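Heads up, the thing below is written out as structure tokens.
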């Protein structure tokens with residue numbers, strides 16, 4: 001397992017580190033390049049050498065958040081070869097679009113967690129995940145401007161395995177009532193859940209008027 005480095009060190013990780021993982025760490029299951037100075041050319045190294053077949057089969061969690069110049073073709077190629085991938089984080093990559101998400105959904109039928117915050121996707125991406133995957137439990141597409149209330153509603157309606165979904169504030173109250181088995185994430189809903197847990201643990205608001 002590759003443990004995330006402190007933020008001050010992450011920017012020092014480059015494509016050379018990818019080559020090091022290729023050569024010496026075939027058993028890795030969890031890999032995060034979040035915010036590193038790795039580009040698509042470095043990420044694609046994960047698929048180029050035959051010695052990596054074992055690593056790609058073992059890899060279950062891949063974090064590619066905020067990767068410089070990451071493109072759709074690179075992500076699709078990696079996903080095609082990571083047969084046991086269950087968690088994929090592509091947040092903060094504006095180049096990731098609907099076509100990429102469609103390939104991810106078709107190729108990785110056992111994917112359980114997909115994070116797409118601030119990616120260039122629309123309702124079509126959510127429809128693709130609904131139709132192609134019966135295993136996805138968590139979809140986070142917050143701050144994706146082209147995701148509409150209709151798309152979120154369709155996802156909640158059609159998905160049988162979904163447990164967590166980020167939606168717009170305007171839509172959430174109705175969906176919470178209609179689909180109680182799904183955790184809907186908005187700032188307001190998250191605050192409500194935090195307060196509920198605090199009350200359950202015995203916390204009570206300070207009502208004292210003493211200064």
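The values are calculated or read from the model by the stated rules, or taken from the named source; none is laboratory data. Being a predicted model, the structure only gives us computed values, none of them experimental. With ideal geometry, Cβ positions are generated from the backbone for all residues, glycine too; neighbour counts draw on all protein chains shown.
Against the conditions (1) over 22 Å from residue 105 (Cβ atoms); (2) surrounded by fewer than 17 Cβ atoms within 10 Å (Cβ to Cβ); (3) at pLDDT 80 or above, where does residue 11 fall short? Just the number, please.
Of (1) over 22 Å from residue 105 (Cβ atoms); (2) surrounded by fewer than 17 Cβ atoms within 10 Å (Cβ to Cβ); (3) at pLDDT 80 or above, only one is false for residue 11: (3).
With outside any helix (DSSP H, G or I) and either under 24 Å from residue 131 (Cβ atoms) or modelled with pLDDT under 95 (or both) as the only criterion, which of 77, 73, 69 stands out?
On inspection, the qualifying residue turns out to be 69.
Can you pull out every residue in region 117-136 that is out of contact with any helix residue (DSSP H, G or I) (no Cβ under 7 Å at 6 or more places or on another chain), surrounded by 17 or more Cβ atoms within 10 Å (Cβ to Cβ) and outside any strand (DSSP E or B)?
Result: 118, 119.
For region 63-116, give me each residue that is farther than 22 Å from residue 29 by Cα, out of contact with any helix residue (DSSP H, G or I) (no Cβ under 9 Å at 6 or more places or on another chain) and buried (at least 17 other Cβ atoms within 10 Å of the Cβ).
Residue satisfying the conditions is 92 alone.
Output yes when any residue across region 171-178 is out of contact with any strand residue (DSSP E or B) (no Cβ under 6 Å at 6 or more places or on another chain), outside any helix (DSSP H, G or I) and either surrounded by fewer than 17 Cβ atoms within 10 Å (Cβ to Cβ) or on the phi < 0 side of the Ramachandran plot (or both), and no when none is.
no
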